[in-house]
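Below you'll find the structure, written out as structure tokens, and then a few comments.
Nothing in this text is a laboratory measurement; each read-out follows from the coordinates by a stated rule. All values derive from a computational prediction rather than experimental measurement. Using ideal geometry, Cβ is built from the backbone for each residue, glycine included, and neighbour counts are taken over all protein chains shown.
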Amino acid sequence: MTDKNLSEEAVRTGRLEELQQQGINPYPSSCKMSHSIAEARALPMDSTVTLVGRLVGRREMGKLCFAHLKDFSDKIQLAISEKDLGKEKFKFFTKNFDIGDFLEITGKIFTTHKGEVSVLVEEYRLLTKALLPMPEKFHGLNDIEVRYRQRYLDLLANEESMKIAIARSLLVKELRNYFNELGFYEVETPILQSLYGGANAKPFTTHHNALGADLYLRIAPELYLKRLIVGGFEKVYEIAKCFRNEGIDNNHNPEFTQIEFYWAYANYQDLMKLMEDLLPRLIKAMNLPLKMTIGEQEVDFTPPYSRLTMREIIKQYVKIDIEDYPDQASLFKKAVELKVEGIDKNTGRGKLIDEIYKTYARPKIINPVFMIDHPVELSPLAKRKTDNPNYAERMQLVCVGGNELCNAFSELNDPLDQEARFKEQEKLRTAGDDEGMRYDADFITALKHGMPPTAGLGMGIDRLVKLLMNTDNLKEVILFPTLKPEEK
């Protein structure tokens, strides 16, 4: 806090104490509300209104004071006149009220000679006394560290931050509307799990004292949602908080939100049709156009979207055919020649293919494209293609530098195949891949009771909002991102 803020806080605290000495409660528990400011601005002249909001500006001109009152809907000018209020009330207002205070005012709507809709204040009341000043009005709040740690100041000072927060809320609302309309049931699955699964990621570990057991924060809700399909549900979804113990950068936050849904008797082809219907609806719900600029690229989200296999995309952008490298050893040698980073001699063939794609193909994608038919090694929970069991019935919708909008597949419902793939994942973990999936015996038991043909999809909400709002950092769309604790 600056010296200026400290001195201003002292002044405001002095005013607070003076008000209390006069028997005035600066923090009353109730107020009158008749209109939002947006509604008041549309009323006929001479209408009497009662408004509540924060004082965000003021200027004194002798026996007249102009101020601005702001609520969530809009802001409006107030005219406080000694002639209309009386000398004592006018003096009390100008002496005791500061920018940042919350007020309740009653008065008549009028228009100034410059045409500005205003309220001539007849009565006023203090609702909340602010003891610290608002962020500097004209330059906004630019300190990134403060913006992320004190999001309340960021929202007050930066209109773009509030715009992103509202857009995210509208997207989540539309997601629920969409799936509810299609007959899906919203459900909840455990965040604390005795065995994590459903994705390749490192978990957070915690300990439950009463049970004397280590537990994990979920990395994905997938395996529990599919248990519900076994149990008789046919359409389920969850807007789920997930946690992955990974690095923090512009595209990763340890705590994030995604939607996953599972649809019995559907396959991944059905999900591509659904996404071509859903994504434009989400964009329109956020009041955005289907054609927009993201970064320096013009992107068109108008469906339909092209469909290319992962093999075709790698062949197009990397100029190699993964079928020419049928085993781990030959593909590892090629990946080394290509100078792919983050791999070693124990890296599985599936991860090698993925790293080659991420390094050389993904950054070149612009308009939305369904990347389909991934190698089965990359898809331990997806059903094999009938005509080529080396590939899985899987799709990802990617665009603009390979941003992954969703990941989906025809779910593997063969318990023996799933069991074999879990065991293969455990081998990779033993060899040093700490993101390998765990063997989940209870999930295998569930599959042995029979799961119908099912399609499932996961979509990261944070990343989707980041992309559509054209921001370069995930922290801009997560209201309270994970940050390193401040050193005292």
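State the three equivalent ellipsoid semi-axes of the range 3-134, derived from the C-alpha gyration tensor as the square roots of 5 times its eigenvalues, in descending order and whole Å. Intermediate results must be reported in sequence, preceding the final value.
Working: eigenvalues 121, 49, 42 Å².
Working through the eigenvalues yields semi-axes of 25, 16, 15 Å.
When peptides 211-221, 11-21 are sorted by average Cβ neighbour count within 10 Å, with the highest value leading, the order is 211-221, 11-21. Of the peptides 154-161, 446-453, 286-293, the order by per-residue mean of other Cβ atoms within 10 Å, starting with the highest, comes out as 154-161, 446-453, 286-293.
Note down the net charge around C399, summing +1 for each Lys or Arg and -1 for each Asp or Glu among other residues with Cβ under 12 Å from its Cβ. With Lys, Arg at +1 and Asp, Glu at -1, the neighbours total 0.
For the cross-link pairs K291/K339; K291/K466; K202/K423, which exceed 25 Å when the distance is taken from alpha carbon to alpha carbon?
Details: K291/K339 36 Å; K291/K466 16 Å; K202/K423 18 Å.
Beyond 25 Å between Cα atoms: K291/K339.
Dipole orientation for the range 3-134: of the candidates S73, A42, L120, L120 has the Cα lying most toward the positive pole (charges on Cβ; Lys, Arg +1; Asp, Glu -1). In terms of the Cα gyration tensor, with a ≥ b ≥ c the square roots of its eigenvalues, is the range 338-403 rounded because a/c is under 1.5, prolate because a/b exceeds b/c, or oblate? Since a/c reaches 1.5 but b/c is at least a/b, the shape of the range 338-403 is classed as oblate. Dipole of the range 71-225 computed with +1 at Lys/Arg Cβ and -1 at Asp/Glu Cβ about the Cα centre; of I166, L195, T94, farthest Cα towards the positive end is T94.
Divide by every residue of the chain the summed helix terms, -39500 (n - 2.57) for each DSSP H run of at least 4, and state the resulting mean residue ellipticity at 222 nm, rounded to the nearest 500 deg cm²/dmol. Walk me through the numbers on the way to the answer.
Working: 15 runs with 160 residues, N = 488.
Counting only the DSSP helices, I get -10000 deg cm²/dmol.
In terms of its Cα atoms, the chain spans 89, 52, 49 Å along the principal axes, sorted from long to short. Placing unit charges on the Cβ atoms only, positive for Lys and Arg and negative for Asp and Glu, gives the range 26-179 a dipole magnitude near 140 debye about its Cα centre. Ordered by the count of other Cβ atoms within 10 Å of each Cβ, fewest first, R307, R394 give R307, R394. The reciprocal of the average 1/r between distinct C-alpha atoms defines the Kirkwood hydrodynamic radius, which for the range 376-473 equals 15.2 Å. The angle between the Cα long axis of helix 328-337 and the main principal axis of the chain comes to about 50°, on a 0 to 90 degree scale.
Note down the net charge around E174, summing +1 for each Lys or Arg and -1 for each Asp or Glu among other residues with Cβ under 15 Å from its Cβ.
Numbers: positive: R168, K173, R176, R281, K284; negative: E181, E186, D277.
Computed value for this residue: +2.
Students often forget the sequence filter, so: which aspartates and glutamates lie under 12 Å Cα-Cα from K75 once same-chain residues fewer than 8 apart are removed? K75 reaches E39, E116. Ordering L85, L131 by the number of other Cβ atoms within 10 Å of each residue's own Cβ, fewest first, gives L131, L85. Other residues within the sphere of radius under 15 Å centred on the Cβ of I105, judged by their own Cβ, net out at +1 (K and R +1, D and E -1). In plain terms, the residue of S379, S330 with the fewest other Cβ atoms within 10 Å comes first and the most crowded comes last, giving S330, S379. Here the calculated FRET efficiency for T482 and R125, from their Cβ-Cβ distance with R0 = 41 Å, stands at 0.50, rounded to the nearest 0.05. Please work out the C-alpha center-to-center distance from the range 45-76 to the range 192-228 and express it in whole Å. Here the two parts' Cα centres lie 52 Å apart. With R₀ fixed at 30 Å, the C-beta to C-beta distance from K339 to D214 puts the FRET efficiency at about 0.15.
Cross-link partners for K32 among the aspartates and glutamates, with Cα-Cα distance under 15 Å and sequence neighbours closer than 8 places in the same chain left out: D71, E104, E122, E123.
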